[in-house]
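Comments concern the structure below.
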2 protein chains.
Amino acid sequence: MRQDTSNDSPLGLSGGHSIAAKSDYSNARPRVVVVGAGFGGLEVVQSLAKKGADVTIIDRRNHHLFQPLLYQVASASLSTSEIAWPIRALFRKRKDVRTLLAEVDGVDAQAQNVLLTDGTTLPYDILVLATGARHSYFGNDAWEPYAPGLKSLEDAVTIRRRVLLAFEKAEREPDPARRAALQTFVVIGGGPTGVELAGTIAELAHLTLKQDFRSIDPDATKVILIEAGPRLLPVFTEKLSDYTRKALQKLGVEIRLGKPVTECSSEGVTVDGKHLPAETILWAAGVQASPAARWLNTEADRAGRVIVGPDLTIPGNPNIFVIGDTAAATGEDGKTVPGLAPAAKQQGQYVADLIGRRIKLKKPPSPFRYRHQGNLATIGRRLAVVDMGRLKLSGTLAWWMWKLIHIYFLIGVQNRLSVALSWTWTHSIGYRSSRLITYADQQADTDLK
Amino acid sequence: MRQDTSNDSPLGLSGGHSIAAKSDYSNARPRVVVVGAGFGGLEVVQSLAKKGADVTIIDRRNHHLFQPLLYQVASASLSTSEIAWPIRALFRKRKDVRTLLAEVDGVDAQAQNVLLTDGTTLPYDILVLATGARHSYFGNDAWEPYAPGLKSLEDAVTIRRRVLLAFEKAEREPDPARRAALQTFVVIGGGPTGVELAGTIAELAHLTLKQDFRSIDPDATKVILIEAGPRLLPVFTEKLSDYTRKALQKLGVEIRLGKPVTECSSEGVTVDGKHLPAETILWAAGVQASPAARWLNTEADRAGRVIVGPDLTIPGNPNIFVIGDTAAATGEDGKTVPGLAPAAKQQGQYVADLIGRRIKLKKPPSPFRYRHQGNLATIGRRLAVVDMGRLKLSGTLAWWMWKLIHIYFLIGVQNRLSVALSWTWTHSIGYRSSRLITYADQQADTDLK
């Protein structure tokens, strides 16, 4: 691939010629393949509208997932369909977009092909990898069966089943020690997901389930939040971290800071050399990027994220972009762009703009610059923390802001109304509309034995 | 057990003494155990309010399911939580009711114990079995993996996945014959469920998915409805059956009457000696009662339903009632009470009334009498048939009636609003809010290969 260093782009890259050269479209519309329909991938496709490209979006799921609210599916407040949209339906009117339900297995950068797990290949002129991240057990993958993480709808339904089932089993358990373990919920990781899970499980026990049981006392439920670092929500200010800790403690959450978990098993966790018996353990401690770096045979950081240049391409290949949680992008200030939905969206817009300029043979844009809009996290049903530059809020006002922002970012009128409706019940009387224990096919019977 | 034949009950049964005799409650409140939280079981518990009994309701699922709308979950119009309620939450305010998530394995009628699969036993003074029915393959159980039936939320999610996945696979299939098989949906059974499934899949293909695909033509989708009997909806009048057949044909459904399916496999079905290649086969042809007759070692009819007396008790045991789809009850007219939700509810009310009278040592009620309220079935999004005695309707008016009745019978304001909201979208623009392909844990990957 020729590197046109005479170009006035800050990267010295040029794209137009190599694109047109490989295209088999009569009108030379470049084929853009986007892998992953998360916030980043979706934004690329949306922003490529009318830019003159033929777009294929590939995802191994048929739906886009609004991950910031996934913990609410796990805690039975929202149903799966309230935070997920069929990708195909989102682009039904875009005749320039093809949606493929398929799993990517690799990339042949030489031949410019994406390799799918069913053995077929898909040629591209420009490739955008936005394949996200999975939870990481920091080398302790054996812990996964005992401490599920929260990344997909299936993860959320699994966690919902485990949490609700623990209460059901406790109701039937005559042994007090065993019952106490059934009523102990350990959340590992004190970032936003861990804080939100711990707060919502505490409220589930003390508010939603209060009147529902006869043998057990839901108030006896223990929720323990473990964070290896010195404070919760490390990306927020210390004051807001402190507020969060106190607010969670008021909800009845026990918080353990400064020591990592050294063991997870079916019996519970070990932390600071002590064993905590617990039936339910949830993992919210770390993420690992998807295997894009391996597909591309390019450099990655410790979390597996592909190191990209200032225009979000990989070194030496101007036709491959990596964005979102899969990418380690560095801002002009030298800081890594955080793994947040707004960051992925901004990268998606940037890449679409860059591709559009290439197609029109215009000057490439300046390097990607991340505009931080702030951090938000909910603690309970009337409490949240907001850290937006000079605007720092905690409490009920922050919570209303959190609610409005999240409803605003949902797609479509029906989902907004539906989520608003579900929240009205949950936040007024504590009723949660999705308290369903559902199974994969015939698994149910074994759980009841 | 003493049969008090001097009693003026038409059955010569008496209950009061044997109940009090075995009760270990200080105030001698009889322990009523209800197995199954379908329409019948739920009604027993609701109608037992303030009747002086201690009630335990057992179900192997944590939710009551509104089965008449289950096909709408299977066809992606409604989400699982819109038609299911946690049983425990329904009875949270009834301190006389205990909810147990457990599976029943048998009944020891001598010792008056219910046996659970976890090895524990539960004593009862009065037992009500309302365990429903499963689909039946008439001895061809090997067909089940190829032709799933529709009874639980899991069944509905499985069918939804298969139907949506067939279109996704067709989009990627280069071989025309294989693609045609992927776009062929066979529904076996011409009762209300079969008619509703066939109609809704035809509309899914021709309306909802119309713009979504690029390689396949959703209009090329074939929906074939096979009924072994001479007409669809045999419990309706011939005129309404005929209307239904024509309405379905207008929606593009191919109807085959008068010949049973003789083979189901991964390749398709065989009917009338001919093989029909089809990727997706759905079973709506028959039901088999749950194993209550085996637990009780009592007589059952061909469909496995327990033969009960005029007061819905089993022969020789006035303390065991069987109701709903599990029972073969005969009305005074000699006709078997049909397996419909209103019939199960009426039986539930009857049994609760009878138990209440026993507790107060009052005269037992007259034999159970089923009041038929009519039959309803939808065909498509603006068509239904209603057969209510002299009121026989078809078309749009019948469909509005069907809608209003179903929304009325949902439990709670939130679910009614939520279903009304989902239907507004589905019925106006054809959008279906729950087009999610979800999996059991790690199954996803294999489907895409």
When you look at B:Leu165, is it assigned to a strand (DSSP E or B) and either over 30 Å from A:Ser75 (Cα atoms) or assigned by TED's automatic domain parsing to the domain that holds B:Leu417 (or both), yes or no?
no
Give B:Thr193, B:Thr184, B:Thr221, B:Thr158 a once-over and let me know the one that is polar (S, T, N, Q) and within 14 Å of another protein chain (Cβ to nearest Cβ).
B:Thr158
Selection from the stretch A:128-151 of residues that are under 16 Å from A:Gly38 (Cβ atoms) and of a type outside the set (Gly, Ala, Ser):
A:Val128, A:Leu129, A:Thr131, A:Arg134, A:His135, A:Leu150, A:Lys151
For A:Ala156, the lone unmet condition from (1) aliphatic (A, V, I, L, M); (2) in a strand (DSSP E or B); (3) over 28 Å from A:Ala352 (Cβ atoms) is (2)
State whether the residues of the stretch B:235-247 include one that is in contact (Cβ under 8 Å) with a residue 40 or more places away in the chain and within 24 Å of B:Ala170 (Cα to Cα).
no
Hits in the stretch A:403-434 - residues which are farther than 23 Å from A:Leu240 by Cα, in a helix (DSSP H, G or I) and touching a residue at least 60 places away in the same chain (Cβ under 8 Å):
A:Phe409, A:Asn415, A:Ser418, A:Val419, A:Ser422, A:Trp423, A:Thr426
When B:Trp400 is run through (1) open to solvent by less than 50 Å² (accessible area, probe 1.4 Å); (2) part of a helix (DSSP H, G or I), the failure sits at (1)
Could you tell me which residue of the stretch A:242-271 is most open to solvent (accessible area, probe 1.4 Å), considering only residues that are among the aliphatic types (A, V, I, L, M) and more than 20 Å from A:Leu182 (Cα to Cα)?
A:Leu257
Got a sec? Which strands (runs of 3 or more DSSP E) wholly within the stretch B:57-148 have at least 1 residues that are surrounded by 20 or more Cβ atoms within 10 Å (Cβ to Cβ) and of a type in the set (S, T, N, Q)?
B:97-101
Return yes when B:Gly339 is part of a loop (DSSP other than H, G, I, E, B) and touching a residue at least 60 places away in the same chain (Cβ under 8 Å) and no when it is not.
yes
In the stretch B:306-326, anything in contact (Cβ under 8 Å) with a residue 40 or more places away in the chain and in contact with a strand residue (DSSP E or B) (Cβ under 6 Å, 6 or more places away or on another chain) is listed as B:Val306, B:Leu312, B:Thr313, B:Asn319, B:Ile320, B:Phe321, B:Val322, B:Asp325, B:Thr326
Select from the stretch B:51-78 the residues that are under 22 Å from A:Ile437 (Cβ atoms) and in contact with a Pro (Cβ under 6 Å, 6 or more places away or on another chain) and list them in ascending order.
B:Asn62, B:His63
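Taking the stated definitions as given, is A:Ile281 within 28 Å of A:His406 (Cβ to Cβ) and either of a type in the set (Asp, Glu) or touching a Leu at 6+ places or on another chain (Cβ under 6 Å) (or both)? Before you say what the answer is, go through the steps one by one.
Numbers: within 28 Å of A:His406 (Cβ to Cβ): yes; either of a type in the set (Asp, Glu) or touching a Leu at 6+ places or on another chain (Cβ under 6 Å) (or both): no.
For A:Ile281, the condition - within 28 Å of A:His406 (Cβ to Cβ) and either of a type in the set (Asp, Glu) or touching a Leu at 6+ places or on another chain (Cβ under 6 Å) (or both) - is not met.
Every residue in the stretch B:56-91 that is among the hydrophobic types (A, V, I, L, M, F, W, C) and within 11 Å of chain A (Cβ to nearest Cβ), please.
Hits for the stretch B:56-91 are B:Ile58, B:Leu65, B:Val73, B:Ala76, B:Leu78, B:Ile83, B:Ala84, B:Trp85, B:Ile87, B:Ala89, B:Leu90, B:Phe91.
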Subset of the stretch A:326-367, residues open to solvent by 60 Å² or more (accessible area, probe 1.4 Å) and either closer than 18 Å to A:Glu43 by Cα or hydrophobic (A, V, I, L, M, F, W, C) (or both), comes to A:Gln349, A:Arg357, A:Leu361
Kindly indicate whether any position in the stretch B:102-112 is of a type in the set (Gly, Ala, Ser), in the same structural domain as B:Phe321 (by TED's automatic domain parsing) and farther than 22 Å from B:Gln288 by Cα.
yes
Subset of the stretch B:78-133 that is polar (S, T, N, Q) and over 18 Å from B:Asp54 (Cβ atoms) - its residue that is nearest to the chain's Cα centre (by Cα)
B:Thr131
Within the stretch B:212-226, restricting attention to residues that are over 21 Å from A:Lys95 (Cα atoms) and among the hydrophobic types (A, V, I, L, M, F, W, C), which residue is surrounded by the fewest Cβ atoms within 10 Å (Cβ to Cβ)?
B:Ile224
Any residue at all in the stretch B:343-354 that's at pLDDT below 95 and among the aliphatic types (A, V, I, L, M)?
no
Starting from residues that are without any contact (Cβ under 8 Å) to a residue 24 or more places away in the chain and in contact with a His (Cβ under 9 Å, 6 or more places away or on another chain), keep the ones in the stretch A:359-398 and report whichever is farthest from A:Val55 (Cα to Cα).
A:Gly389
Tell me the residue from B:Arg98, B:Arg94 that is free of Cβ contacts under 8 Å to residues at least 60 places away in the same chain and at the interface with another protein chain (Cβ under 8 Å from one of its Cβ atoms), please.
B:Arg98
Restricting the stretch B:382-437 to residues that are farther than 30 Å from A:Ala89 by Cα and among the basic types (Lys, Arg), the one farthest from the other protein chains (Cβ to nearest Cβ) turns out to be B:Arg390
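The values are calculated or read from the model by the stated rules, or taken from the named source; none is laboratory data. Predicted model only: the values in this text are computed from it and were never measured. Please note: Cβ atoms are built from the backbone with ideal geometry, for glycine as well, and neighbour counts cover all protein chains shown. All accessible areas refer to the heavy atoms of the entire protein, side chains included, with ligands and DNA or RNA removed. Shrake-Rupley method; radii C 1.70, N 1.55, O 1.52, S 1.80 Å.
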